Amino acid sequence: AGSRPGDTVLDPFNGSGTTGAVAVQHGRNYIGIELNPAYIELAKDRIGKARNPATYQSQKVVDAPLFGVAP
């Protein structure tokens, strides 16, 4: 399937929002449908970053070692 900038992409199984993130990065409108509230929050975060990558601020901080984790 293909689309043009300004078209609307529908994803009835939104999941983590990957399709939505790519759609908005390429100038498409996006409608996602998801039942799982945890995935809805994840998708909102991912699509928000795709809409405004330079201005989006995530509240998540990961503090983990970079080296020496594997035996």
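The values are calculated or read from the model by the stated rules, or taken from the named source; none is laboratory data. From a predicted model like this one, the values you see are computed outputs, not experimental measurements. Note that we place each Cβ from the backbone using ideal geometry, even for glycine, and neighbour counts take in every protein chain shown.
Of all residues in the range 21-43, which are farther than 16 Å from Gly6 by Cβ and surrounded by 15 or more Cβ atoms within 10 Å (Cβ to Cβ)?
Ala21, Gly32, Glu34, Tyr39, Ile40, Leu42, Ala43
Please determine whether any residue of the range 2-10 is buried (at least 19 other Cβ atoms within 10 Å of the Cβ) and either within 16 Å of Pro53 (Cα to Cα) or not hydroxyl-bearing (Ser, Thr, Tyr) (or both).
No, the range 2-10 has no match at all.
Inspect the range 51-64 for any residue being outside any loop (DSSP other than H, G, I, E, B), basic (Lys, Arg) and either out of contact with any helix residue (DSSP H, G or I) (no Cβ under 6 Å at 6 or more places or on another chain) or modelled with pLDDT of 95 or more (or both) and give the result as yes or no.
No; the residues of the range 51-64 include none that is outside any loop (DSSP other than H, G, I, E, B), basic (Lys, Arg) and either out of contact with any helix residue (DSSP H, G or I) (no Cβ under 6 Å at 6 or more places or on another chain) or modelled with pLDDT of 95 or more (or both).
Return the residues of the range 11-27 that are more than 11 Å from Ala50 (Cβ to Cβ) and either part of a helix (DSSP H, G or I) or not small (Gly, Ala, Ser) (or both); say none if nothing qualifies.
Asp11, Pro12, Phe13, Asn14 - these are the residues of the range 11-27 that are more than 11 Å from Ala50 (Cβ to Cβ) and either part of a helix (DSSP H, G or I) or not small (Gly, Ala, Ser) (or both).
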